[in-house]
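To keep things clear, I will list the structure first and then write my remarks on it.
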Amino acid sequence: MPRARRFYLRARAYGLEGMKIARGVTEDELRKSPQQAAARFQKEDVPLMYWTMAPWALAISANKRDLELVGDLPAVAALLDRALQLDESWDQGSLHEFAITFDPARPEGTTPEKQKAHFERAKTLAQGEKISPLVTYAQAVSGPEQRKAEYEALLKEAASFDVDQPKARKNRLTNILSQRRAAYLLKHEDDVFPD
């Protein structure tokens with residue numbers, strides 16, 4: 001895990017450098033005034049925002065005892081909120097999918113209803129071409145909420161998806177990886193539902 005965390009932090013550093021070049025937004029500004037700093041980004045910056053906040057959140061998740069890094073959660077939240085405001089449909093709902101797993105870590109927390117709303121929006125924006133929202137929701141919500149039937153249904157739907165259908169071709173790699181994850185989770189569901 002320390003090695004993965006180093007890679008996440010390196011990716012975050014590249015993203016932060018890109019933000020500084022693109023909009024003059026510094027890491028210090030994102031920490032001190034997250035909403036004000038995030039407000040300077042424009043629609044064309046959404047990919048840069050996503051590829052900065054994703055490894056940042058993963059670095060936090062990899063070591064929750066690093067309180068300085070955990071203190072950066074408001075900065076990640078501000079980037080996510082601004083990205084959703086600018087282009088919530090980006091990459092067929094990837095921002096909503098990210099929100100499913102990230103929102104419970106927000107300082108103000110979240111609700112299962114908000115996570116469900118993000119899931120439904122991610123599914124709609126995926127247009128039946130991407131199955132990662134199914135796996136994300138099963139792992140982040142259905143499992144922890146101990147909703148076994150829903151968990152199994154979502155993962156089985158992902159596992160049975162035809163990754164070679166023409167309309168899903170551009171997401172083939174993502175879908176294959178999601179299917180592998182779904183198969184793994186189904187095989188090890190006793191770890192999630194011990195009874």
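Every read-out reported here was derived from the displayed coordinates using simple, explicitly stated rules and does not represent laboratory data. Remember, predicted model here, so these are calculated numbers, not experimental data. Every residue, glycine among them, receives a Cβ derived from its backbone with ideal geometry; neighbour counts consider all protein chains shown.
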**Q.** C-alpha long axis of helix 73-87 to longest principal axis of the chain, angle in °
**A.** 80 degrees
Q. In percent, what relative contact order does the chain have, based on Cα pairs under 8 Å that are 6 or more apart in sequence?
A. 15 percent
Q) What fraction, in whole percent, of alpha-carbon pairs in the stretch 1-87 exceed 15 Å separation? A) 53 percent
(Q) For a protection proxy built on the mean count of beta-carbon atoms within 10 angstrom, sort 10-23, 161-174 highest first, please. (A) 10-23, 161-174
Q | Dimensionless Rg/Rh of the chain - Kirkwood Rh, Rg from C-alpha atoms | A | 0.98
Q: Taking the Cα centre of the stretch 1-87 as origin, work out the dipole magnitude from +1 charges on Lys and Arg Cβ and -1 charges on Asp and Glu Cβ, in debye rounded to 20.
A: 300 debye
Q: Calculate the length of the line joining the C-alpha centroid of the stretch 107-122 to that of the stretch 167-195, in whole Å.
A: 21 Å
Q) In whole angstrom, how far apart do the alpha carbon centroids of the stretch 134-164 and the stretch 1-77 sit? A) 29 Å
Q: Report, to the nearest 10°, how far helix 46-62 tilts away from the longest principal axis of the Cα atoms in the chain, using its own Cα long axis and a range of 0 to 90°.
A: 80 degrees
Q: Would you kindly compute the Cα radius of gyration of the stretch 112-195 and its largest Cα-Cα separation (Dmax), both in Å?
A: 12.6, 41
Q. Helix 112-126 versus the longest principal axis of the chain: what angle, 0 to 90°, nearest 10, using Cα atoms?
A. 80 degrees
